[in-house]
Amino acid sequence: MTHTTDTHKHDRQAGFTLVELVVGVGLAFIALLAILLTLDSFSSNTSRQTRRTDANDQVRRAMDRIVSDLRQAATIEVAEPNNLLYSVKQSATVTRRERICLDAANNLWRSSVTNHSYSFLASCPSPGSSAAQIGTLVSANTASNPIFRYDAAPPGVRSVGLTFALNAGTRNRNDVSTLRASTFVRAKSEMSLGVPRGAITTTCSSSGVPTLTLSSSVGPLNVSYTDTDGSPIGTTVSSGIGVTLPVTTTSTTVVANVTSSGGLVSQILKTIECPL
């Protein structure tokens, strides 16, 4: 009898009870789960950082281009909190116009067009132009927290501040990264400033034929008129002298190309309405 009891004690000491086995497996499972969660968190953080870096790089490249352009901008035509339109004189005959704008879904767009102006007056992004999405910003970019800040209204803008609160998150989760930059617009003489739209006035004859005149108050500038496709419809004239356009409809749109003494061109879109 004593031998049998000793044998049972020896068996219990040499093996595991069912409870000990369950506890051991449970602890191993918890340890494995903790390792997997750690790896998943590390992978998620790495992926998040990669998305943020890639998004930051894309927006920073676009921001650097905007800053570079503004330093040599011939004209800043539109200076609004979430909408910037400027032109850069690339040669004696080529003017590149850029529009940076934020659409209703907080997507930031850059639109580019050469020697035309009509496409930039449409919605953001601008149809008919070469448009590229820069990134997606957070909804905090409002009138009270704009992406662009200016020291004056056009044509007197001399410095522009940029604040892009980038959203590099996924689904409904925001991952905000704010990029900032500022630049001075290249110093320009009065003759190279943008010409306000009101500087061109319309006079209608009794038969409904319009005459457009560039105000002499803006200086000794030249102006020619084209349609929105760039086809000439008027003779180049000096400021203060009117030009009669061969318009046969009650409403039409023309582009006034105003050239300064330094060869810089400002483009103004005019809608002409003369009753027949």
* Kindly indicate whether residue 64 is surrounded by 11 or more Cβ atoms within 10 Å (Cβ to Cβ), within 22 Å of the chain's Cα centre (by Cα) and modelled with pLDDT of 80 or more. => yes
* Asked: Among the residues of segment 67-99 satisfying the criterion of being of a type in the set (S, T, N, Q) and within 17 Å of residue 129 (Cα to Cα), which is surrounded by the fewest Cβ atoms within 10 Å (Cβ to Cβ)?
  -> 83
* Structure fact -> Within segment 124-153, residues being at pLDDT below 75 and surrounded by fewer than 19 Cβ atoms within 10 Å (Cβ to Cβ) number 10
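So that you can scan it fast, the table gives a plain yes or no per residue for (1) at pLDDT 70 or above; (2) assigned by TED's automatic domain parsing to the domain that holds residue 136; (3) within 23 Å of the chain's Cα centre (by Cα):
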{"position": "14", "(1), (2), (3)": "no, no, no"}
{"position": "17", "(1), (2), (3)": "yes, no, no"}
{"position": "21", "(1), (2), (3)": "yes, no, no"}
{"position": "36", "(1), (2), (3)": "yes, no, no"}
{"position": "41", "(1), (2), (3)": "yes, no, no"}
{"position": "60", "(1), (2), (3)": "yes, yes, yes"}
* **Boolean, residue 102 is buried (at least 22 other Cβ atoms within 10 Å of the Cβ), in contact with a Leu (Cβ under 9 Å, 6 or more places away or on another chain) and at pLDDT 80 or above** => yes
* Structure fact -> Checked pairs for segment 24-53, first farther than 23 Å from residue 136 by Cβ, second surrounded by 10 or more Cβ atoms within 10 Å (Cβ to Cβ) and at pLDDT below 80, C-beta under 8 Å and 6 or more apart or across chains, list as 24/16
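The values are calculated or read from the model by the stated rules, or taken from the named source; none is laboratory data. If you're wondering where the values come from, they're calculated on a predicted model, not measured in any experiment. With ideal geometry, Cβ positions are generated from the backbone for all residues, glycine too; neighbour counts draw on all protein chains shown.
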